[in-house]
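K.L.:
Got a structure for you, questions after.
We did not get these values from a lab; they are worked out from the coordinates using the rules stated. These figures come from a predicted structure and were not determined experimentally. Neighbour counts run over all protein chains shown; Cβ positions are idealised from the backbone, glycine included.
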Amino acid sequence: MQKTIQVPKPTYPWPTIQSPLSGTFYEEENNWYDRDYQFLSSEALARYKKMRLVDVGPYMVPTITDRDKVRAIARFVIYMTITDDYVELLPVAEIAAFRDRIFDVMMGDDPRPEEMGILRQMQTGRKEWIALGMPDFWMERIARNYKYRFIADGIMEESPYKISKDIPPVSLFHLIRANSIGMIPFIDQISPLTGFALPDFIYNHTVIQRLVMLEAIIVALQNDFASIKKEIPIESEMFNIITLLQHHNKLSFDEACAEGMRIHDEFVDEFVTLSNHLPDFSPYQKETEEFIYYIKLMISGLNSWYYRSGTPRYEPGGYPVPPKRNGETDQD
């Protein structure tokens, strides 16, 4: 009889809040899939419709009750997730072309009728941000973070390892995963929620950027714990802290889980320390503290979504495996 895998769950030293909007966007989500994601296979679409990805938005911003604001975040979650799933094993030149086109659309270029519908979702997202009062400098910030931090420094750096099945050193893994998890542009979504975009002198400050990076690393690690059962049978999925620690440190699965959680908790401790000792960002101290507060809710909210939303994404057979480089579909 196969041994049942026991995987620990992360916890956080701040409250996890339940959103009243969880479960309210399913019909809209299905309409988005049917209208703008027809470039996916019918099997992939069927799996996405069961994942409840649209609920990631409410879970991560649980104190926001404005449906327009939460819808914009939910839309972003879906097209960011599908971007990652769809391109991760494509040739680098194809990823780069898609990356550049995404940037153009996020900066205001209209998708052509023959282009993939995901670009129309991105165009709609831009219109939502404008309606929520976002300035041009913020538009460029999120577009650049999506292009460079998420795709170029994340997916495109991760992809060669997934194709070759090589395993990077743990220190490099943290940096690549922090980008490929997509949380750096996702954090930008706090600004439409609050109606205030942090000015560059605050956003680019060393402490704020370290907190942004820590959030991304922490979320990447919590994702590793949530997804390890799903990833074990997928040949290309080597980018998981548990797998890396087993390989590099010659640990058993249980030992790697314990060490991975210790690493996770160290990053959480650093995040808490820095967030409790922010520099003076006058006259925007209150807005900066609010920004950090929402980052905390995003961390604990996403962790809650993994275990409480009922998503099958991290169960065997629930994940839409990406196309191989030759255009075929990998098997799960």
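K.L.:
With label points built 7 Å along Cα→Cβ from the Cα atoms of residue 273 and residue 67, find their separation and express it in nm.
P.N.:
A separation of 4.6 nm, rounded to one decimal place.
K.L.:
If you don't mind, there's one more thing I want to ask. Please return the longest stretch of the chain lacking exposed loop sites, where trypsin sites (Lys or Arg not before Pro) count only if DSSP places them in a loop and at most 10 other Cβ atoms lie within 10 Å. Intermediate results must be reported in sequence, preceding the final value.
P.N.:
Numbers: sites that count: 3, 165, 250.
Between exposed loop sites, the widest span is 4-164.
K.L.:
How long is the gain from residue 131 to residue 204 if the chain were fully straight, where each residue apart is worth 0.36 nm and the alpha carbon distance is subtracted? Please report the intermediate quantities before stating the final value.
P.N.:
Values: separation 73, 0.36 × 73 = 26.28 nm, distance 2.51 nm.
Roughly 23.8 nm would be gained on extension.
K.L.:
Taking the Cβ-Cβ separation of residue 38 and residue 14 as r and a Förster radius of 45 Å, what is the calculated FRET efficiency to the nearest 0.05?
P.N.:
For R0 = 45 Å, the calculated efficiency reads 0.65.
K.L.:
Pulled fully out, how much extra length does the chain show between residue 167 and residue 46, if you take 0.36 nm times their separation in residues and subtract their Cα-Cα distance?
P.N.:
40.4 nm
K.L.:
Please give the Cα centre distance for segment 55-76 versus segment 10-42, rounded to the nearest Å.
P.N.:
9 Å
K.L.:
Moving to a separate point now. Which loop GluC sites (Glu not before Pro) in segment 191-294, with loop taken from DSSP, have no more than 13 other Cβ atoms within 10 angstrom of their Cβ?
P.N.:
Those that pass, being in a loop and sparsely packed, are 235.
K.L.:
Sticking with this structure for a sec: Leaving out same-chain residues fewer than 8 places away, which aspartates and glutamates sit with a Cα under 16 Å from that of residue 230?
P.N.:
85, 315, 330, 332
K.L.:
Now for a separate question. Be a star and scan segment 6-49 for residues whose amide nitrogen sits under 11 Å from the point 7 Å along the Cα-to-Cβ vector of residue 232.
P.N.:
6-7
K.L.:
Also, I was wondering about something else. Excluding same-chain residues fewer than 8 positions from residue 127, which aspartates and glutamates have a Cα within less than 19 Å of its Cα?
P.N.:
Result set, ordered by chain and number: 28, 29, 36, 66, 68, 104, 109, 110, 115, 136, 140, 188.
K.L.:
I'd like the distance between the alpha-carbon centres of segment 128-197 and segment 253-309, rounded to an integer number of Å.
P.N.:
First find each Cα centre; the distance between them is then 17 Å.
K.L.:
Report, in order of residue number, the helices in the chain meeting two criteria: a C-alpha extent of 18 Å or more along the helix axis, and a mean Kyte-Doolittle hydropathy of at least 0.5; treat each whole DSSP H run as one helix. The partial results should precede the final answer.
P.N.:
Working: long enough: 67-87 (30 Å, 0.12); 92-106 (21 Å, 0.72); 118-131 (20 Å, -0.64); 206-231 (36 Å, 0.67); 253-275 (33 Å, -0.04); 285-308 (34 Å, -0.53).
Result, helices passing both filters: 92-106, 206-231.
K.L.:
Hey, another quick one. Binning at 10 angstrom from zero up to the longest distance, how are the C-alpha pair distances of the chain distributed in percent?
P.N.:
That works out to 5, 26, 37, 24, 6, 0, 0, in percent per bin.
K.L.:
Continuing with the same structure: Below 8 Å between Cα atoms, with a sequence gap of 6+, how large is the relative contact order for segment 207-307 in percent?
P.N.:
Values: 55 pairs, mean separation 39.5, N = 101.
Relative contact order here is 39 percent.
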